[in-house]
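A short write-up of the structure that comes next.
Since every read-out is calculated from the coordinates, none of them should be taken as a lab result. The structure displayed is predicted, hence computed values, not measured ones. Please note: Cβ atoms are built from the backbone with ideal geometry, for glycine as well, and neighbour counts cover all protein chains shown.
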Amino acid sequence: MGRGLKHHIARELGMELGITQKEAYQAINSFIHHLVDSLQKNGSAQIRGLGTFSVRKRKPGSYRNPRTGEKFEIEDHNYAHFKPSIKIKRAINA
């Protein structure tokens, strides 16, 4: 999450809940920490009204850097995937 967006969310959250921006940052950081912890332990985390975060495995493969033409191999690895809730989908497509 970029500094600008996190900063904006912390400011808005602080004003809405009547807490300091520092407390809002702590709440956001705690949320992120617990989300990552859940992904590590369970492989997924569902937040009703927001969506589902899950861990997916990317297969190994051969790739080429389009700028230099250099070929390289990437091993299999995990990545985070997010599937938004229907409520979010409707809101962004309205």
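Determine the sum of side-chain charges near ALA45: Lys and Arg each +1, Asp and Glu each -1, restricted to other residues whose C-beta is under 15 angstrom from that of ALA45.
Charge balance in the 15 Å sphere: +3.
In the chain, which longest range has no GluC sites (Glu not before Pro) that are both DSSP loop (not H, G, I, E or B) and surrounded by at most 13 other Cβ atoms within 10 Å?
So the longest stretch without any such site is 1-69.
For the Cα atoms of the chain, what angle does the longest principal axis make with the long axis of helix 3-17, in degrees from 0 to 90, nearest 10?
Helix 3-17 and the main axis of the chain meet at about 30 degrees.
Just from its helices, what would the mean residue ellipticity at 222 nm be for the chain, if runs of 4 or more DSSP H residues each count -39500 (n - 2.57) and the sum is divided by every residue, rounded to the nearest 500 deg cm²/dmol?
It comes out at -15000 deg cm²/dmol, rounded to the nearest 500.
Answer rounded, prolate or oblate for segment 44-94, using the Cα gyration tensor with square roots of eigenvalues a ≥ b ≥ c: rounded when a/c is under 1.5, else prolate when a/b is larger than b/c, else oblate.
Taking the square roots of the gyration eigenvalues as a ≥ b ≥ c, segment 44-94 is oblate.
Please list, in order along segment 82-94, the HN-Hα scalar couplings obtained from phi with the Karplus expression 6.51 cos²θ - 1.76 cosθ + 1.60 (θ = phi - 60°), rounded to whole Hz, x for Gly and Pro.
Karplus-based 3J(HN,Hα) across segment 82-94 equals 10, 10, x, 6, 4, 4, 5, 4, 5, 5, 7, 9, 6 Hz.
How far is helix 21-42 tilted off the main Cα axis of the chain, in degrees rounded to 10, range 0 to 90?
The angle comes out near 40 degrees.
Indicate the gyration tensor shape class of the chain (rounded, prolate or oblate), computed on the Cα atoms with a ≥ b ≥ c the square roots of the eigenvalues: a/c under 1.5 is rounded; otherwise a/b larger than b/c is prolate and the rest oblate.
prolate
With r as the distance between the Cβ atoms of THR52 and GLU12 and R0 = 30 Å, compute the FRET efficiency 1/(1 + (r/R0)^6) and round to 0.05.
0.80
Taking the beta-carbon count within 10 Å as an exposure proxy, list THR52, THR68, THR20 from fewest neighbours to most.
Ranked by crowding around the Cβ, least crowded first: THR68, THR20, THR52.
Counting Lys +1, Arg +1, Asp -1, Glu -1, what net charge surrounds SER62 among other residues with beta carbon under 12 Å of its beta carbon?
Cβ neighbours under 12 Å give a net charge of 0.
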